[in-house]
Amino acid sequence: MVALDHYLDKYQPARLQRMITTHMDACLMGDARVAHTHYNDEITQYYYKLILADDDEKLKIHELIAILHKDARVEVD
């Protein structure tokens with residue numbers, strides 16, 4: 001059960017971001033694609049830092065989602 005929680009907490013967001021990026025790359029063109037690429041680079045780097053700096057403590061996923069939502073809103077605006 002701990003391994004599943006750990007996967008969902010740390011690895012699933014990075015995997016989901018890869019899936020979203022694959023689809024966005026297929027749809028976006030021009031400036032929108034460049035903007036998404038920059039956003040994706042930053043968010044992917046953030047997810048990988050979380051994975052690499054793993055201290056076996058669970059993240060509070062709802063707090064992470066709130067932070068990412070705020071960052072995405074700033075990026076979109």
Selection from the stretch 50-68 of residues that are modelled with pLDDT of 70 or more and exposed (fewer than 10 other Cβ atoms within 10 Å of the Cβ): L52, A53, E63
Residue pairs meeting the criteria (Cβ under 9 Å; at least 6 apart or on separate chains; first closer than 17 Å to H69 by Cα, in the stretch 27-40; second exposed (fewer than 11 other Cβ atoms within 10 Å of the Cβ) and of a type outside the set (K, R)): A35/V76; Y39/V76
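The values are calculated or read from the model by the stated rules, or taken from the named source; none is laboratory data. Keep in mind the model is a prediction, meaning the values are calculated, not measured. Methodologically, a virtual Cβ is constructed for each residue, glycine included, from the backbone with ideal geometry; neighbour enumeration extends over all protein chains shown.
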